[in-house]
Amino acid sequence: MSSPDHREPRPAEPYPDDPRPDSAAAPAPAPAPAPAPVDRAAEERRLTADRQEQERRRDGAFPVATGPRTTGAGGHVVGFLVGLVLTILAGFLVVLGQSRILAEGVGATDVSPETLGIVLVTLGALVAGVVVLLGLWTPAAPLAGGLAALLVGAAYLFAPVETHRETLRVFATEQNRTAVLNSITVMNAGGLFATGVVLLAAATAFSLARRRGVELGAFRERRKRALES
């Protein structure tokens, strides 16, 4: 028997950092997979296409097969002549119609409608409207008409005595003297002068609109090229 003082030594407990086979470190985690390569050229093309689509939706610039036709120098000259002739025709019809209406109503207690005068005034107003619409083709048309109406109307408005005398001397006869006098009265009222001002304003508006359209088109073209580059 072993004595109480003699005891077998107990095995020492391993320390946590004891490098033994049973306490080997855990394996390191596997590295994350590398991201797939990005096709930068395709990405740039996609972004450019998206920007162009947004520009088209915002500006309303839809692609067209052909651009609008432009008026050359010959077209402007023809438009000037056409506008001048039509304005003279419109002024003649309006003045003649108003003179007939005036002759029917002056001194009468019971005024009846003067059918021919009303028809003439209506036709003259329609012809003047055509002159204004010709400004979509070339602003030279309402410009010519406006200048003619403005000059003639200003002469009768600001120099009534001289124009009255010269008009009677050139146009008046024994048969049409009353009609000529009524026409002079109509033109002295300033209607022809006002018509000239309106036609000149229309010509100016058409010219500015065409210039703004050209500038806007050039700006959009530069912007489109900048986006594509």
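Every number here is computed from the coordinates shown, using simple stated rules; none is lab data. Quantities reported herein were computed from a predicted structural model and do not represent experimental measurements. Quick reminder, even Gly has a Cβ in these numbers, built from the backbone with ideal geometry, and neighbours come from all protein chains shown.
Extent of the range 135-226 along each principal axis, from alpha carbon coordinates, in Å, largest to smallest?
Cα spread of the range 135-226 along its principal axes, largest to smallest: 74, 22, 15 Å.
Modelled label-to-label distance, A226 and R45, 7 Å Cα→beta-carbon offset: nm?
Roughly 2.5 nm, to one decimal.
How about the range 82-190: which GluC sites (Glu not before Pro) there are in a DSSP loop, with at most 14 other Cβ atoms within 10 Å of their Cβ?
Taking the range 82-190 and a limit of 14 other Cβ atoms within 10 Å, the loop GluC sites (Glu not before Pro) found are E174.
Rank these for me by crowding, V121, V197, V77, V94, going from fewest to most other beta carbons within 10 Å.
In order of increasing Cβ crowding within 10 Å: V77, V197, V121, V94.
How much length would be gained if the chain were fully extended between V198 and A125, taking 0.36 nm per residue of separation minus their Cα-Cα distance, in nm to one decimal?
25.0 nm
Quick check: from the Cα gyration tensor, does the range 74-228 come out rounded (a/c under 1.5), prolate or oblate? Don't jump to the answer; show the numbers that get you there.
Numbers: a/c = 3.38, a/b = 2.57, b/c = 1.31.
Because a/c hits 1.5 or more and a/b exceeds b/c, the range 74-228 counts as prolate.
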